[in-house]
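The values are calculated or read from the model by the stated rules, or taken from the named source; none is laboratory data. Remember, predicted model here, so these are calculated numbers, not experimental data. Here the Cβ positions follow ideal geometry from the backbone for every residue, glycine too, while neighbour counts run over all protein chains shown. When the accessible area is computed, the model is the full protein with side chains, heavy atoms only, and any ligands, DNA or RNA have been set aside. Shrake-Rupley method; radii C 1.70, N 1.55, O 1.52, S 1.80 Å.
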Amino acid sequence: MRASGASSPSPFSLEQYRANRSHISTKKLAVCCLFLLTWVSAIEAQTTAAHPLAARGRTALVRDAVFHSNSLQRDMRYRVLLPKHYESSGRFPALYLLHGLYGDYLNWDTRTNLENYARDLRLLIVMPDADNSWYTDSATVPQDKFEDYIAKDLISEVDQKYRTIRVRHGRAIAGLSMGGYGAAKLALKYPELFAFAGSLSGALNAPRNLDALRPEFRAKLAEVFGNEGSQQRAENDIFLLLNTPPQTPYPYFYLACGTDDFFLDINRAFTLQLSSRKLAYEYHETPGAHVWEYWDSALEPMLRVVEQMIVESPKSAHSKQKKP
């Protein structure tokens with residue numbers, strides 16, 4: 001996480017200036033103006049230094065867009081990070097990077113070193129906005145079809161507007177916390193769309209028992225998944241989804257979780273189920289909690305695997321397997 005620089009106090013007050021303006025000479029006024037200009041420049045320099053992302057030449061790499069989602073019947077925002085050679089030619093694999101609960105489409109780009117990590121990757125990275133939806137078609141709010149929004153509307157939008165590789169071997173999905181759950185679930189439900197699914201600190205038990213373990217999430221989880229025992233919960237439980245053999249092979253799973261994270265046990269449990277099904281995956285535990293410092297540290301290693309799976313050698317996604 002990056003801390004904002006502290007702002008400096010004004011070198012003089014406007015009230016003082018007004019009270020004494022009749023006594024200020026033209027020369028003194030010019031000096032005051034010059035001093036004020038210098039002070040403003042110094043503050044801008046502090047702001048730039050405190051926010052390294054703002055200092056980058058990002059206009060050539062980052063695109064913000066708004067499009068109308070038919071599934072949600074409203075406009076939605078997303079950010080795209082383009083590879084540095086995008087303007088040349090050719091098509092590029094795409095990674096859909098999902099934010100966490102209470103987050104938004106800017107988080108990955110503003111709270112991690114994503115641009116530095118992806119600088120040399122031949123990869124187009126899409127960061128959509130999804131509110132606190134759990135990337136799920138709501139059980140109680142008919143217009144909140146956030147699963148369809150990602151799987152149908154967003155991918156279609158990106159494939160139409162950008163030179164993407166429009167097959168599963170050119171497409172990956174990943175996320176953190178709520179987004180980690182969303183990535184795993186979408187990969188299980190739509191294996192024909194993705195060759196890679198990544199989860200960092202995934203809240204993988206969202207429809208299962210998270211509301212019992214964390215009552216502060218109960219109201220939103222009930223809105224999205226319905227009450228305990230509902231069909232919507234069963235249809236979105238990734239542990240149950242793994243019991244249904246797909247017509248298309250599942251993507252390569254990448255899971256990582258900090259050893260001080262609340263979701264560590266559920267990530268271990270899901271990894272064991274992947275192992276029992278003999279699916280292609282890898283799992284990493286490293287020191288860290290449910291915080292941005294951990295996600296920033298875990299992001300670059302995951303991007304290297306994405307590069308290997310869908311950029312350098314897409315067919316290797318089903319030939320590699322690491323056990324915990």
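Side notes on the structure shown:
- So residue 245, is it in a loop (DSSP other than H, G, I, E, B) and in contact (Cβ under 8 Å) with a residue 12 or more places away in the chain: no
- Within the range 222-237, the residues that satisfy the criterion of being assigned to a loop (DSSP other than H, G, I, E, B) and among the polar types (S, T, N, Q) are 227, 230, 236.
- When residue 163 is tested against (1) in contact (Cβ under 8 Å) with a residue 60 or more places away in the chain; (2) buried (at least 24 other Cβ atoms within 10 Å of the Cβ), just one condition goes unmet, and that condition is (2).
- Inspection of the range 84-107 finds no residue satisfying the criterion of being at pLDDT below 95 and in contact with a helix residue (DSSP H, G or I) (Cβ under 6 Å, 6 or more places away or on another chain).
- Filter result (open to solvent by 40 Å² or more (accessible area, probe 1.4 Å), within 24 Å of the chain's Cα centre (by Cα), hydrophobic (A, V, I, L, M, F, W, C) and closer than 22 Å to residue 137 by Cα) within the range 215-274: 219
- For residue 216, the criteria (1) in contact (Cβ under 8 Å) with a residue 60 or more places away in the chain; (2) out of contact with any strand residue (DSSP E or B) (no Cβ under 9 Å at 6 or more places or on another chain); (3) not aromatic (Phe, Trp, Tyr) hold in every case but one, which is (1).
- Looking across 256, 187, 206, 219, one residue alone is within 20 Å of residue 100 (Cα to Cα), assigned to a loop (DSSP other than H, G, I, E, B) and modelled with pLDDT of 95 or more. It is 206.
- Sole exception among (1) within 30 Å of residue 88 (Cα to Cα); (2) touching a His at 6+ places or on another chain (Cβ under 9 Å); (3) open to solvent by 10 Å² or more (accessible area, probe 1.4 Å); (4) not hydrophobic (A, V, I, L, M, F, W, C) for residue 175, by number: (3)
- Condition check for residue 213: at pLDDT 95 or above and under 18 Å from residue 134 (Cβ atoms): yes
- Annotation note: of 300, 285, the sole residue that is of a type outside the set (Gly, Ala, Ser), modelled with pLDDT of 95 or more, surrounded by 14 or more Cβ atoms within 10 Å (Cβ to Cβ) and in contact with a Lys or Arg (Cβ under 9 Å, 6 or more places away or on another chain) is 285.
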